[in-house]
Amino acid sequence: MAHLDWILVLVGGWLGLGLLGILALRHTDFVARVLFPAGAAIALGLAAIALSALFDDPETAVLPLGLPNLPFHLRLDGLSAYFLLVIGAAGAGISVFAAGYFRQGEGTPPGLLCLEYHVFLASMALVVLADDAYAFMVMWETMALSSFFLVTANHRVPAIRQAGFLYLLVAHIGAIAILLCFGVLQANTGDYSFANMRAQSLSPLWASAAFLLATFGFGAKAGILPLHVWLPEAHPAAPSPVSALMSGVMLKTAIYGILRIGFDLLNAQLWWWGALLLALGLATALFGVVFSAVQTDMKRLLAYSSIENIGLLFVGIGLGVLFNAYGMHALSALALTAALYHVISHAFFKSLLFLGTGSVLHATGERSLGKLGGLMRRMPWVGWLVLIGVLASSGLPPLSGFVAEWLLLQSFLFTTELPNSFLNMLVPVVAAAIALVAALAGYAMVKFFGVIFLGQPREAKLAEAQDASLLERAGLIWLASGCVVLGLFPVPLIGAIDRVTQLLIGTGIASTVRNNGWLLLAPTTLERASYSPLIFLAVTCLAVLLAVLLVHRLYHGRVRFAPPWDCGYPAQTARMQDTAEGFGQPIRQIFEPFIRMRRELPSPFDEKPIYHVRIEDHLWHWLYLPIARTTERFARLVGRLQQGRIAIYLLYSFLTLLVLLLVVVAK
Amino acid sequence: MFFWEPEVNTLLTQSINLFATGLLVLAFAMIAQRRILTLIHLFTLQGASLVAATLVVAYLTDQHHLYYSAAITFVLKVVLIPILLHRLIDRLNVRWDVETLFNIPTTMLIGIVLVIFAFNLATPIAGLSASIARGTLGIALASVLLSFLMMIVRAKAVPQVIGFLSMENGLFFAATAATSGMPMLVELGIAFDVLVGILILGVFMFQIREQFDSLDIRHLEKLKEE
C-alpha cells in the first residue's frame, strides 16, 4: 500500500476510536487507559509514515465521500507530509498525556471528549492532505467545530462559553475569507481542485487579492494582529491537552495554509506581500511577547507567547516571500527553513509547556501565578521537564528553539543583498526588533518558570501538590526529548525540511549543510556562520563540571545550606518574594503605551490595602467594541421587522415572492 | 395505433386543463371555507385532482417516473395526510367554525388579482416549455399563491397547515406542468419532508393548545422578545 492509504487507515482509526468513545460514554477508565493511548500509537505511526512519505514522490487519492460528482481529492506531497509529521509527533505526546489527564466529572463526559479530540486530530490531518477547496473547507470547518466543542468542555462556566463563542466567531470570519480566496484562485473556471488553481496564472491584482484574503483568513486562525483576541481567551478556557493541541498543532495548520497558497497555488509572488507579512509578523511578535510578560495567569501567559511565536513564523515566511520575489531562491529557502524548523520546534515546546500547566492545575487547582510557587520540590518531574520547554521557548542553545531563531537571524543578515533600498533600510530595524522579541520571550519564560516552580509556595495547600502520573510524565518526556533531540541534531531535520523547500521554491539548504558536515550547522559557508549544538553542549557541560570541581576544591567544607532568595533576613515568608506582577512591572512601565491598564492603588491609610491591576488590550476597545456596537445597532433596526405575528411574517415572504416574480416578468 | 387514438389524446389533453381548473377552483373554495372538516375534504379532493392530472400527463408523454410520483402523491395526499389531519382535529376537538382575519369577499378579490398576476407571469415562461401541459403553468402558480394567501389570512393553526400542504400541491403541479416532473430524488425528498412536516406540526399544535388552551396563533405573539 502507498503512504497515503496507510495514512487514511490511521486517520480512520482515529475516527473509530472516537466512535468507541461514544459507546463508552462514561467509562472514564476505558477511555483514558485504552482509547487515548491507542490514539497516541496511531499518531506515532502517522508521524513515521509522514516522515517516510516526505522523501517519496507525491501521491494522490480520491475519496468516495462528499457530494455526488464532487468527491474529496487528497494529495500527499512534501509540504503535507511535513505538517503531518508535526501533527503526529506532537499529537502522540499530547495523547499520552491526555490519557493520564482526563478524569471523572469535568464537564463533558470523557467518551464525548474522546470523540471530539480524535475528530479534531483527524480533521487536522485531512486539512493538510486536502487537494481541492471543497475538501479543504469541509475539513477546516470540522477542525474549527471540534475544537470549539473541546474548548467549551466545561461549558457550565459562563466565561468559558464566552471564550468559545469568540473563538467560533473569529474562526468563521477567517473561514469566509479563505473561501473567498479559493474563489479568486480558481479564476472563474469553476474547477476548485488545487491542480487547476496551480495551473492558473492570475493578474497581479487578483493574485494580491487572493493573497490578502488568505493572509486574513489564515491569520485569524493563527492569531495574527489584530485577529488574535480569541487566543488568550480560548487557550485558558480549554482543558490543558486541548490547549496544547490547539497552540502546538492547530495554529500550524494556518501556517500550512499560508505556505500552500502563497508558494504553491500562487505561482508568482510580489515583494510587498513579503513586506506585509514581515510587518504583521513583527507587530504580532512584539505585541505577544510584551503581553505575555505582564500576564498573571499561567495559561494566558503561554497563549500570548503563542501569539509571539506565530509572529516569528510570519516573519520567517515574509522573509522567504521577499527573497523569492527578487529571485534569491537560496536565501528564500534559508528563511523558510527557519520558519519550518520553528513550526516543529514550537509544536514540541509549546505543547510541553501547556501540558505542564495542566499538571500544575490538576495538582493545585490554581491557574493564577500569584498563588503558585515552589513547586519544583513537590513536582520534580513536571518541574524539570517544563524547564526544558522553557529553555527551548526562550531560544537558548542547545535546544530546538535556538536553532530556529538562529537560522531566522542568519537569513536576516543577508537582507542587505536585496535590490530595494527602501527594504534595505527597514529590514535591519526588523532584525533588531526580532532580537528584542527573543530577549523578551526569555524574560517572560523566566517569569513563568520562576514564579511557578521556584521560591516558596505562596499558598498552604501547595504543600500537598502531587507530581504528575506515569502517563502524564511519559507524554511530557516525549515532548521534552523532542526539544532536546531537535536542538542537538538539526542537520537531519534540515534534510527533511529541504524536501519542502524544494517543492515550494525549487531549492533548499540541505546540500550546503551536508557539505559542511553533520557536526556543524552552517547554512551558507563555514566562514560566515556555523553552530554546533553538540560541541556547545560538551563545552557547557565541561565548564559546569569544571566549575563544580573548582568550587569543591577551593570552598570544600564551606558549603552553606540556606533558604533561597533569603537576602539575609532571619524571618522570611512567601509574601516577601517577588510576585508575577512585580516581575512584570518593568515591562509594564516601558511598554505602557501598548497596554491598557486599570489599577486600583491602595491609599497609605488603608487597614487592608488591596492592589489590583487589570491588563487589557487596546485593540479590544479601539476595534472590536466599536464593531460590536455598530452590529448591535443594526440588529436593533432589523428587530423592528419582528412583530411577533405569524401572518405578518408570512406576508413578508409572500411580498418578497411577488416582488421577485415581478422582477422576472419585467425581464 | 388505434384509429380513435388521436381523438382520445385530444380529450385527455383537454382533461389536463380540466383537472388544473379543478385545482384552482378548489384553492378558491379553500379560501372561502370556514369549517375545518370541509377544508380537509377540499384538500383531499385537490390531491385527487392532482393525482389524476399527473396520471394523464404520464400516459400522454409516456414517462414512467410520473406514474410513480402519482402513486406517491396518492398515498400521501389523498390517503395518509387526510387521515392524519382527521385524527388530529378529532383529538384536538376542533371541528368548530374558523374565523378569518379579513372578510372573505376581500380575500377572494385579492385572490383574483393574484390569479391574473400569475397568468401574466406564466405566459412567457410557458412559451419556453416543451411539456404538453404548459398551458396550465399559470394555474399552478396561481394555486401556489392562493394557498400562500390562505396561510396569511387564517388565524388558527390547523387551516394554516392545510394551506401549507395545499401550497405544496400547487408546487408539485407546477413541476409536472412545466418540466414534466422533478427528478425522482427531489420528489421523494419533498414527499418525505411534507410527511415529517405534518407530524411535527401536529405535535406543535398540541403544544400550542397545552400552553394557551387554544389553537389561535395570535397567542404566539407574546413569544416575541421584549
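Of the residues A:Leu519, A:Leu462, which is over 29 Å from the mean Cα position of the chain (by Cα), open to solvent by less than 10 Å² (accessible area, probe 1.4 Å) and of a type in the set (A, V, I, L, M)?
Result: A:Leu462 is the single residue among A:Leu519, A:Leu462 that is over 29 Å from the mean Cα position of the chain (by Cα), open to solvent by less than 10 Å² (accessible area, probe 1.4 Å) and of a type in the set (A, V, I, L, M).
Determine whether A:Leu15 is open to solvent by 10 Å² or more (accessible area, probe 1.4 Å), free of Cβ contacts under 8 Å to residues at least 12 places away in the same chain and either closer than 18 Å to A:Val119 by Cα or touching a strand residue (DSSP E or B) at 6+ places or on another chain (Cβ under 7 Å) (or both).
no
Just the residues that are surrounded by 21 or more Cβ atoms within 10 Å (Cβ to Cβ) and assigned to a loop (DSSP other than H, G, I, E, B), please, taken from the range A:494-516.
A:Gly508, A:Ile509
Cβ-Cβ distance below 6 Å, separation of 6 or more or different chains: which pairs start in the range A:507-520 with a residue that is free of Cβ contacts under 8 Å to residues at least 60 places away in the same chain and end on one that is open to solvent by less than 50 Å² (accessible area, probe 1.4 Å) and polar (S, T, N, Q)?
Partner pairs satisfying both residue conditions: A:Leu519/A:Ser532; A:Leu520/A:Ser532.
A:Pro593: open to solvent by 60 Å² or more (accessible area, probe 1.4 Å), under 34 Å from the mean Cα position of the chain (by Cα) and farther than 24 Å from A:Ile452 by Cα, yes or no?
Taking the combined requirement at face value, the residue satisfies it.
Which one of A:Phe194, A:Phe165, A:Phe216 is aromatic (Phe, Trp, Tyr) and over 22 Å from the mean Cα position of the chain (by Cα)?
Unique residue meeting the criteria: A:Phe194.
Can you name the residue in the range A:636-648 that is open to solvent by 60 Å² or more (accessible area, probe 1.4 Å) and part of a helix (DSSP H, G or I) and, of all such residues, is nearest to the other protein chains (Cβ to nearest Cβ)?
The selected residue is A:Arg636.
Go through (1) within 12 Å of another protein chain (Cβ to nearest Cβ); (2) at pLDDT below 85 one by one and return the number of the condition B:Leu149 breaks.
That leaves (2) as the condition not met.
For A:Ser603, are the conditions met, namely being hydroxyl-bearing (Ser, Thr, Tyr), open to solvent by less than 60 Å² (accessible area, probe 1.4 Å), over 30 Å from A:Ile452 (Cβ atoms) and in contact with a helix residue (DSSP H, G or I) (Cβ under 9 Å, 6 or more places away or on another chain)?
Judged against the criteria, A:Ser603 is not a match.
Could you tell me which numbered condition A:Val427 fails, if it satisfies all but one of (1) at pLDDT 85 or above; (2) open to solvent by less than 60 Å² (accessible area, probe 1.4 Å); (3) out of contact with any Cys (no Cβ under 6 Å at 6 or more places or on another chain); (4) among the hydrophobic types (A, V, I, L, M, F, W, C)?
All conditions pass for A:Val427, except number (1).
Pairs please, first residue from the range A:649-667 and under 14 Å from B:Leu141 (Cα atoms) and within 7 Å of chain B (Cβ to nearest Cβ), second anywhere and part of a helix (DSSP H, G or I) and open to solvent by 90 Å² or more (accessible area, probe 1.4 Å), Cβ atoms under 9 Å, 6+ apart in sequence or on different chains.
That search, which allows pairs on different chains as well, returns A:Val665/B:Asn120.
Is the range A:569-588 home to any residue that is open to solvent by 80 Å² or more (accessible area, probe 1.4 Å) and at pLDDT 80 or above?
Checking the range A:569-588: not a single residue is open to solvent by 80 Å² or more (accessible area, probe 1.4 Å) and at pLDDT 80 or above.
So A:Ile535 clears everything in (1) closer than 30 Å to A:Thr415 by Cα; (2) in contact with a Phe, Trp or Tyr (Cβ under 9 Å, 6 or more places away or on another chain); (3) of a type in the set (A, V, I, L, M, F, W, C) except one condition, right? Which one?
The failed condition is (2).
Quick one: which of A:Ala32, A:Ala53 is part of a helix (DSSP H, G or I), in contact with a strand residue (DSSP E or B) (Cβ under 7 Å, 6 or more places away or on another chain) and open to solvent by less than 20 Å² (accessible area, probe 1.4 Å)?
Residue meeting the stated conditions: A:Ala53.
Would you check which residues across the range B:3-17 are loosely packed, with under 14 Cβ neighbours inside 10 Å and modelled with pLDDT of 75 or more and list them?
Residues satisfying the conditions are B:Glu7, B:Val8, B:Asn9, B:Thr10, B:Leu11, B:Gln14.
Can you go through B:Leu114, B:Leu88, B:Leu80 and tell me which one is farther than 25 Å from B:Leu11 by Cα, away from chain A (no Cβ under 14 Å) and at pLDDT 85 or above?
Testing whether each residue is farther than 25 Å from B:Leu11 by Cα, away from chain A (no Cβ under 14 Å) and at pLDDT 85 or above leaves just B:Leu80.
Can we say A:Ile610 is open to solvent by 90 Å² or more (accessible area, probe 1.4 Å) and either away from chain B (no Cβ under 14 Å) or farther than 30 Å from B:Val144 by Cβ (or both)?
Against the criterion (open to solvent by 90 Å² or more (accessible area, probe 1.4 Å) and either away from chain B (no Cβ under 14 Å) or farther than 30 Å from B:Val144 by Cβ (or both)), A:Ile610 qualifies.
Of all the residues that make up the range B:167-226, how many are on the phi < 0 side of the Ramachandran plot, more than 13 Å from chain A (Cβ to nearest Cβ) and either touching a Pro at 6+ places or on another chain (Cβ under 6 Å) or modelled with pLDDT under 70 (or both)?
Looking only at that region, the number is 3.
Would you confirm whether any residue within the range A:86-107 is touching a helix residue (DSSP H, G or I) at 6+ places or on another chain (Cβ under 7 Å), hydroxyl-bearing (Ser, Thr, Tyr) and over 30 Å from A:Ile494 (Cα atoms)?
yes
Please work out which one of (1) touching a residue at least 24 places away in the same chain (Cβ under 8 Å); (2) more than 21 Å from A:Val437 (Cβ to Cβ) is the condition A:Arg377 fails and give its number.
(1)
Out of (1) within 14 Å of chain B (Cβ to nearest Cβ); (2) among the acidic types (Asp, Glu); (3) closer than 30 Å to A:Ala293 by Cβ, what's the single condition that is false for A:Glu581?
Condition not satisfied by A:Glu581: (1).
Go through (1) in contact with a Ser or Thr (Cβ under 9 Å, 6 or more places away or on another chain); (2) within 14 Å of chain B (Cβ to nearest Cβ) one by one and return the number of the condition A:Ile615 breaks.
Just one mismatch for A:Ile615, condition (2).
List every residue pair whose Cβ atoms sit under 8 Å apart, with the two residues 6 or more apart in sequence or on different chains, where the first one lies in the range A:299-322 and is buried (at least 24 other Cβ atoms within 10 Å of the Cβ) and the second, anywhere, is of a type in the set (Asp, Glu) and assigned to a helix (DSSP H, G or I).
Going by the 8 Å Cβ cut-off, the qualifying pairs are A:Leu312/A:Glu405.
Any residue in the range A:529-544 that is under 16 Å from A:Leu407 (Cα atoms) sitting within a Cβ distance under 7 Å of a residue that is among the hydrophobic types (A, V, I, L, M, F, W, C) and open to solvent by 60 Å² or more (accessible area, probe 1.4 Å)? List the pairs, counting only those 6 or more apart or interchain.
That search, which allows pairs on different chains as well, returns A:Ser532/A:Leu519.
The values are calculated or read from the model by the stated rules, or taken from the named source; none is laboratory data. Just so it is clear, the structure is predicted and the values come from calculations on it, not from any experiment. Ideal geometry is used to build each Cβ from the backbone, glycine not excepted, and the neighbour counts take in all protein chains shown. Note: accessible area is taken over every heavy atom of the protein model, side chains too, but ligands, DNA and RNA are not part of it. Shrake-Rupley method; radii C 1.70, N 1.55, O 1.52, S 1.80 Å.
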